[in-house]
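**Q** Encoded as structure tokens, here's the structure I'll be asking about.
The values are calculated or read from the model by the stated rules, or taken from the named source; none is laboratory data. Just so it is clear, the structure is predicted and the values come from calculations on it, not from any experiment. Here the Cβ is made from the backbone with ideal geometry for all residues, glycine too, and neighbour counts use every protein chain on show. Side chains are part of the model used for accessible areas, which takes the heavy atoms of the whole protein and leaves out ligands, DNA and RNA. Shrake-Rupley method; radii C 1.70, N 1.55, O 1.52, S 1.80 Å.
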Protein chains: 2
Amino acid sequence: MTKAPAKPRALKPVVRQSTAAMIADSVRGALERGDLPPGSQLGEADLAKQLGVSRGPLREGLQRLTQEGLLLSIRNRGLFVIEMTPDRVRDMYVARQAVERAAAEQIHLLDAPEQAGAELMEITDAMTVTAEAEDATGVGEADIAFHDLLVRLAGSTRLSLMHRTLLTETRMGIHALDPTYEGNDSRAAEHRAIAQSFIDHDPATTDRLLQLHMADAVERLVPGDGAPED
Amino acid sequence: MTKAPAKPRALKPVVRQSTAAMIADSVRGALERGDLPPGSQLGEADLAKQLGVSRGPLREGLQRLTQEGLLLSIRNRGLFVIEMTPDRVRDMYVARQAVERAAAEQIHLLDAPEQAGAELMEITDAMTVTAEAEDATGVGEADIAFHDLLVRLAGSTRLSLMHRTLLTETRMGIHALDPTYEGNDSRAAEHRAIAQSFIDHDPATTDRLLQLHMADAVERLVPGDGAPED
DNA sequence: CCGTGTCTGATTGTCAACAATCGATTCTGG
DNA sequence: CCAGAATCGATTGTTGACAATCAGACACGG
């Protein structure tokens, strides 16, 4: 599509997504932004009204998030946002390590992992600019975008699906435990080194750096006697 | 509870599980048994009647399986069982490797990984008996039970949740691609070696053996030019 | 014969009403 | 005063009815 738009009014894409999926995405966004605090109950009537749907489709959408483990359903009591306990956050990082290290391995199996490295490097560059502007939230979001891209570049549907849940939970954890989750120059440097390791075709370094990076992230978010080395 | 039952009619446990969860589990079982072939459409009216529920809760339950990626929802067209293509099965094994290797690492971090090894060894012993009886389905099921226990022993809620989906998909793949997925002595020996590596406190060997074992499983289920080494 | 339009039956999607459940509050009796 | 029972309001869980959509079949015109 190198031409200018032929018409100012493009055809409108038809709705293919189910209402339940749309609702799930919308509520996911609220979870990620911290609009629905951990432990809080989701009232169906109120939420359905806000979203402009009836309770049936809302329940369907929330079943999706329940299955993902982001909501807790208690029969006859209702749906609750999960508590972001330190143990839960640590467990979530265990799962993130599993997924991201596997994704990295798959990228190294591609014909040109250096391309992936270059794409990741662009995010790192943007992260550096953001860090110099002392925009901690921006760095945090770039951090997450880096990991999101990393897994997407692996081209694995399964890993991507699992990772989406884990990134949602990451954002929830940040809001719950450390809203001032800081970004600084060292963050960008770590990411740059990971991206470089793809350019260098060096899977062992990628793996090592990812482990260190994630262990550091956990330690900063949930410090204490739950260190992964225990 | 070392006493004999005080009453012949025990109290009935209250239902804590939501109807949607029960329905999801029931349909999951049907998927795992191959009762619902890949690509087939799930008709709501018929299925609700079979399960003795109305369509509302059925839809809720099926949203769970849809979110897991086991069903495909097409708006206004209905729900379909996913196709078990060779690429999909390979991708699923990528994800399984990620989860199971991470689980193995967590087990090695426990105080007594040799206990885990002993528990896994029991399944291996049962697998050997089953293989000698030339019960291929039994070996296949013991194979899956081994991997299920492996991940459960890691004590990670997240890994276990992800793994449940992957094992469902594994069973679906076996039904679709190779209903005669064979078990024999070499299967038991591979599992025994993995179990032994926990007893030996040897994480590097566990990791290596898991990779080999999974690569072999993929190759047997979807042979050809999609070899993981490509 | 082929392409387009219309109709039909089956299925999905949504809604409002009612049933069921629960926690909090109030009442009652010892 | 305290414990147990009853009540109440809010919320969740389910159902049946109706609306919306789609694929397939059929009719019609060029």
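**Q** Can you pull out every residue in region B:80-114 that is surrounded by fewer than 21 Cβ atoms within 10 Å (Cβ to Cβ) and within 16 Å of DNA strand C (Cβ to nearest atom)?
**A** B:PHE80, B:ILE82, listed by residue number.
**Q** Just the residues that are within 8 Å of another protein chain (Cβ to nearest Cβ) and either more than 10 Å from DNA strand D (Cβ to nearest atom) or at pLDDT 95 or above (or both), please, taken from region A:75-102.
**A** Scanning region A:75-102 gives A:ARG88, A:ASP91, A:MET92, A:VAL94, A:ALA95, A:GLN97, A:ALA98, A:VAL99, A:ARG101, A:ALA102.
**Q** So the check is Cβ under 6 Å with 6+ separation or different chains; which pairs have a first residue in region B:160-184 that's not assigned by TED's automatic domain parsing to the domain that holds B:THR128 and at pLDDT below 95 and a second one that's surrounded by fewer than 22 Cβ atoms within 10 Å (Cβ to Cβ) and among the basic types (Lys, Arg)?
**A** That search, which allows pairs on different chains as well, returns nothing.
**Q** Look at A:LEU65 and say whether it is open to solvent by 70 Å² or more (accessible area, probe 1.4 Å), modelled with pLDDT of 95 or more, within 14 Å of DNA strand D (Cβ to nearest atom) and within 20 Å of A:ILE174 (Cα to Cα).
**A** Against the criterion (open to solvent by 70 Å² or more (accessible area, probe 1.4 Å), modelled with pLDDT of 95 or more, within 14 Å of DNA strand D (Cβ to nearest atom) and within 20 Å of A:ILE174 (Cα to Cα)), A:LEU65 does not qualify.
**Q** Which condition number in (1) among the aliphatic types (A, V, I, L, M); (2) more than 16 Å from DNA strand D (Cβ to nearest atom); (3) open to solvent by 70 Å² or more (accessible area, probe 1.4 Å) is the one that B:MET121 fails?
**A** Going through (1) among the aliphatic types (A, V, I, L, M); (2) more than 16 Å from DNA strand D (Cβ to nearest atom); (3) open to solvent by 70 Å² or more (accessible area, probe 1.4 Å) one by one, B:MET121 breaks only (3).
**Q** Sticking with this one: Within region B:50-59, how many residues turn out to be within 10 Å of DNA strand C (Cβ to nearest atom) and either open to solvent by 20 Å² or more (accessible area, probe 1.4 Å) or charged (D, E, K, R) (or both)?
**A** Count: 4.
**Q** Given the conditions (1) within 16 Å of DNA strand D (Cβ to nearest atom); (2) assigned to a helix (DSSP H, G or I), which single one is not true for B:LEU72?
**A** Of the numbered conditions (1) within 16 Å of DNA strand D (Cβ to nearest atom); (2) assigned to a helix (DSSP H, G or I), the odd one out for B:LEU72 is (2).
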